[in-house]
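The values are calculated or read from the model by the stated rules, or taken from the named source; none is laboratory data. Just so you know, these numbers come straight off a predicted model, no measurement behind them. Cβ atoms come from the backbone with ideal geometry, glycine included; neighbour counts cover every protein chain shown. Protein only, heavy atoms only, side chains kept; ligands, DNA and RNA dropped before computing areas. Shrake-Rupley method; radii C 1.70, N 1.55, O 1.52, S 1.80 Å.
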Amino acid sequence: MSTLTTALGTDRARRLRAALTALLAVAVACGAPFYFAPFQVFQLTMVLLYAVALAGLNLLVGFGGQISLGHGAFFAAGAYSAAVMLDRYDTGHLATLPVAAAGCFLLGLGFGVPALRLRGLYLALVTLSFAVFLPSLLKRLEPVTGGSMGLTVDKLQPPAWSGLAEDQWMYFVVLTVAAVALLLARNLLRSRVGRALLAVRDNESAAEVMGVRLSLHKTLAFAWSAMFAGVAGCLYTWVIGFVSPDSFSFVLSITLLAGLVVGGLGSLYGPLLGAAFVMYVPSVSQDLSEAAPGVVFGLLIITVMFVAPTGLAGLPGRVLGAIARRLPRTTATATATATVLDRTPEAESALDAEPDSPPDAEPNSQAETRPSATLTPADPAVADAEPVGAPPRTEKD
């Protein structure tokens, strides 16, 4: 009963701590656009935007165990879907979001077919070829995509009743979409589909024996991942207001994958940390070295991987584990030091003055433990007794 009560108390404390952390995060996120400058608000908006794309890539790579180097192509597909609808058909901004999500979901389903036959480096090369091929295709479709010049569309404007600036309104819109997307990814991973993805990642043979349909879940992993990337691309069009084929080269796919690895594969918080890395590290590299920002960017990635092999999301656990391993060793060393310091000269003289025999020594014989009896000559047994060592009696005596 006490164990159950303790478990319930621990679970209640964990939920309370999670709720307080969520409330604090919401308060900080909602107050950020009123504290920072417009350019910094724009950077935070881009971080949230990239977090949506990395959340989809995390489903595929981190939890699905499949390598994809073509995630930037799905990102471009969502961005161009929104741009074409806004420029050619003059639709509303909000109407482009479900269209981009559904279109990229179907594109991911079709592209997930090679994943049934390929794995590892072969699958990575196929996805990379898609990322290399798409920008050239967008340039060829000039009547629709605008060719190399791209498309310029109107940004999402704030309503009059909000009283917010354009950058603040855009931040709150992207924050809302990102929160819904991250919550959807979290619930998806805790559902039956998420457990099946983990089983496929860990051991495909064992998962198939357990009844998991490998073809279905591998294809769905690509579809969900592409859908999240399409939503992020649509948000990109809203924020930037311009798309061109050169903005979605294969370097974008490599950068997204590097950001996810740095943030933490298979972690719910990894996409946020990876998005911050993708957004801020290139600008920091540019400030440190204008001649070779790519070199600085690569060295920063190597440094992060050396310090945190499991990503930035696993760094706190790694540090706490190292501290926990050192604590018992430090405690044992402190105890031994205290024992040595307690052996003062007074203590040594007191130990030398103690007797050699233990105080609780047992008696040597049974006679020492019993009271001795008094023998008198009146006792017949004593009168007839011969003294010890006396000569034997004769008849004359």
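Within the range 120-129, does at least one residue satisfy the condition of being at pLDDT below 90 and under 19 Å from Leu235 (Cα atoms)? Explain how you work it out, then say what you get.
Here is the first cut: in the range 120-129, the ones at pLDDT below 90 are 120-129.
Now narrow it down to the ones that are under 19 Å from Leu235 (Cα atoms): none.
No: zero hits.
Could you please find all residues in the range 296-314 being open to solvent by less than 50 Å² (accessible area, probe 1.4 Å) and assigned to a helix (DSSP H, G or I)? So that I can check it myself, show each step before the final result.
Going through the range 296-314, the residues open to solvent by less than 50 Å² (accessible area, probe 1.4 Å) turn out to be 296-298, 301, 304, 308, 311, 313-314.
Within the range 296-314, Val296, Phe297, Gly298, Ile301, Val304, Ala313, Gly314 qualify.
Out of Gly56, Gly31, Gly78, one residue alone is open to solvent by less than 50 Å² (accessible area, probe 1.4 Å) and under 30 Å from Asp202 (Cα atoms). It is Gly56. How many residues, within the range 38-74, are among the aromatic types (Phe, Trp, Tyr) and within 23 Å of Trp169 (Cβ to Cβ)? Residues meeting the conditions: 3.
How many residues are under 16 Å from Leu164 (Cα atoms) and assigned to a helix (DSSP H, G or I) when one looks only at the range 13-39? Even if it seems obvious, please write down each step before you answer.
Pass one, the range 13-39, residues under 16 Å from Leu164 (Cα atoms): 29-39.
Subset that is assigned to a helix (DSSP H, G or I): 29-35, 38-39.
Number of matching residues: 9.
Note on the range 251-295: among residues that are surrounded by fewer than 20 Cβ atoms within 10 Å (Cβ to Cβ) and among the aromatic types (Phe, Trp, Tyr), the one that is nearest to Trp169 (Cα to Cα) is Tyr280.
Considering (1) in contact with a strand residue (DSSP E or B) (Cβ under 6 Å, 6 or more places away or on another chain); (2) without any contact (Cβ under 8 Å) to a residue 40 or more places away in the chain; (3) β-branched (Val, Ile, Thr), the lone condition that Val243 does not fulfil carries the number (2). Just one of the listed residues (Phe39, Phe34, Phe111) is out of contact with any helix residue (DSSP H, G or I) (no Cβ under 7 Å at 6 or more places or on another chain) and over 22 Å from Ala179 (Cβ atoms), and it is Phe39.
For the range 275-320, name all the residues that are among the hydroxyl-bearing types (Ser, Thr, Tyr) and either touching a residue at least 40 places away in the same chain (Cβ under 8 Å) or under 21 Å from Val47 (Cα atoms) (or both).
Of the residues in the range 275-320, the ones among the hydroxyl-bearing types (Ser, Thr, Tyr) are 280, 283, 285, 289, 303, 310.
Listed by number, the residues that qualify are Tyr280, Ser283, Ser285, Thr310.
Restricting Thr21, Thr45 to those that are modelled with pLDDT of 90 or more, of a type in the set (Val, Ile, Thr) and either open to solvent by 60 Å² or more (accessible area, probe 1.4 Å) or farther than 30 Å from Lys218 by Cβ (or both) reduces the list to Thr45. Within the range 106-131, the set of residues being closer than 18 Å to Val243 by Cβ and open to solvent by 50 Å² or more (accessible area, probe 1.4 Å) comprises Leu107 only.
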